[in-house]
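S.K.: Structure provided below as structure tokens; questions to follow.
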Amino acid sequence: QFKRIPLPKKSKDELYLMGEGFNNMIELLEVNYEKQGQFISNASHELKTPLTVIESYASLLKRRGKDQPELFDESVQAIHSEAIRMKDLTEQLLLLARNEDKWLLDVKELHLNQIVDESIRSFQKAYNRDIEYKQEAEIIIKGDLQKFKQLFFIFMDNARKYSEEIITVRITRNDQGAIVEIVDRGIGIPAADLEKVFDRFYRVDKARSRKTGGFGLGLSLAKEIADVLGVTITLDSIEGLGTTVKINFPAPSSH
Ligand code: ADP
């Protein structure tokens, strides 16, 4: 708890306003402080789980590996997959940390259609999933190419993880600007969780997410990237039917 300046009666004089400003800053600091503490404790917890598995299998091999070679396959398998999980988490944490460098954006004029096309191609190459691509408008945007690709990747990756059928990506124009939609026909998100899925480390179903390999960091990173790029995200989802992510671009120019 940080100390606040005790403020007597409300007044308009400068000293009072300064005191009030100071107390507001303290308020913000406290919120940030608490969030950071929460983040570190979540991250440590997520890293600790795979480390514990690795440690126990390693010690099992150390104690009994020579006498019981049949332990070898299972142990190596577990150590390997937990090490991959730790590597994935570390990579995501680094991405989150790097996104703080907002001023390092490489802003250029970009063809949205082309970026989406490239993102889909590399995604399909990596995951061999069917993606239907509908372009209903040609859009030019301004922004950082790599950050846009990162953003599309996060949503396509979620569509892949939480659905089995074909994924649709669509570009349309509306009064406010342009929209990229990523539509899946998967398990959907319960209404009560919709707000919370953007929080760091939040997962609807922890057990299931662990199987699909998620940490609950993707959407929080997406939200931060979107803020940096000046686009907004809307999430529509119906449990059991699927999810539509809309990335809303402000006033694009067309050609
Ligand atoms: P994760 O790595 O767990 O996927 P995210 O931050 O990307 O983390 O998503 C948070 C949670 O939101 C997920 O664990 C999942 O429960 C839910 N979610 C995100 N996208 C989808 C989707 N397209 N369909 C169903 N559930 C989703």
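S.K.: Pairs under 8 Å by beta carbon, first residue closer than 17 Å to T212 by Cβ and assigned to a helix (DSSP H, G or I) in the stretch 187-198, partner near the ligand (Cβ under 8 Å from one of its atoms) and of a type in the set (F, W, Y), six or more apart or different chains?
M.R.: D193/Y202
S.K.: Only one of these is within 24 Å of P250 (Cα to Cα) and either of a type in the set (G, A, S) or surrounded by fewer than 18 Cβ atoms within 10 Å (Cβ to Cβ) (or both): E91, E165, E136. Name it.
M.R.: E136
S.K.: Would you pick out the residues in the stretch 240-254 that are touching a helix residue (DSSP H, G or I) at 6+ places or on another chain (Cβ under 9 Å) and at pLDDT below 95?
M.R.: F249, P252
S.K.: Of the residues that make up the stretch 198-212, is at least one modelled with pLDDT of 95 or more and within 12 Å of the ligand (Cβ to nearest atom)?
M.R.: Yes, the stretch 198-212 contains at least one residue that is modelled with pLDDT of 95 or more and within 12 Å of the ligand (Cβ to nearest atom).
S.K.: Can you list residue pairs whose Cβ atoms sit under 7 Å apart, with the first residue in the stretch 26-52 being exposed (fewer than 12 other Cβ atoms within 10 Å of the Cβ) and the second being modelled with pLDDT under 90? Count only pairs 6 or more apart in sequence or on different chains.
M.R.: From residues that are exposed (fewer than 12 other Cβ atoms within 10 Å of the Cβ), the pairs are L29/F2.
The values are calculated or read from the model by the stated rules, or taken from the named source; none is laboratory data. Just so you know, these numbers come straight off a predicted model, no measurement behind them. Cβ sites come from the backbone with ideal geometry, for glycine too, and all protein chains shown count toward neighbours.
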